[in-house]
Ligand SMILES: [Zn+2]
């Protein structure tokens, strides 16, 4: 019957398909970065973190290229950008509707499932626009109260 190729035989197959499906040419660099991003399930990563991981994995790539690639992936619908404060953007591989905790002490973010946030009222959206999504960032810091 049909030959089914396992992921291990051709580890790049899925990233090639992913990039093709997003309309991006699967260059060596994009494939390498896509594997860093998508190999291990859902995650949030900053450009600087991905740059460090690329260095560790001996992928020769500049921080500027990392930024460009992350923005290309975002524009192509492979990532979501989560901006928690000016100068701090996370790229999220989880494209499903959800929200985030932002830990102000560490700068980390963590998913909040969509069903744990209820928005009871939204303003009328400006004329000529349509609602894409509503992102909620819940900011938390280490409690300072002595209990
Ligand atoms: Zn997320």
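What follows is calculated from the coordinates using simple rules that are stated; it is not laboratory data. Since the model is a prediction, treat every value here as computed from it, not as a measurement. Here Cβ is always computed from backbone atoms with ideal geometry, including for glycine, and neighbour counts include all displayed protein chains.
Protection proxy ranking, highest mean first, for peptides 103-111, 119-127: 103-111, 119-127, where packing is the per-residue count of other beta-carbon atoms within 10 Å, averaged. Between the helical axis of 28-38 and the longest alpha-carbon principal axis of the chain there is an angle of about 50 degrees. Note: relative contact order over the stretch 1-92, using C-alpha pairs below 8 Å and six or more positions apart, is 24 percent. With the Cα gyration tensor of the stretch 96-147 giving a ≥ b ≥ c as the square roots of its eigenvalues, does the rule (a/c under 1.5 for rounded; else a/b larger than b/c for prolate; else oblate) give rounded, prolate or oblate? Verdict is prolate for the stretch 96-147. State the percent of C-alpha pairs, over all pairs in the chain, separated by a distance greater than 28 angstrom. Across the chain, Cα pairs with separations above 28 Å total 33 percent. Rounded to the nearest 10 degrees, the angle from helix 63-75 to the longest Cα principal axis of the chain is 80 degrees.
Rounded if a/c is under 1.5, else prolate if a/b beats b/c, else oblate: with a ≥ b ≥ c from the C-alpha gyration tensor eigenvalues square-rooted, which is the stretch 41-121? Judged from the Cα gyration tensor, the stretch 41-121 comes out prolate (a/c at least 1.5, a/b above b/c).
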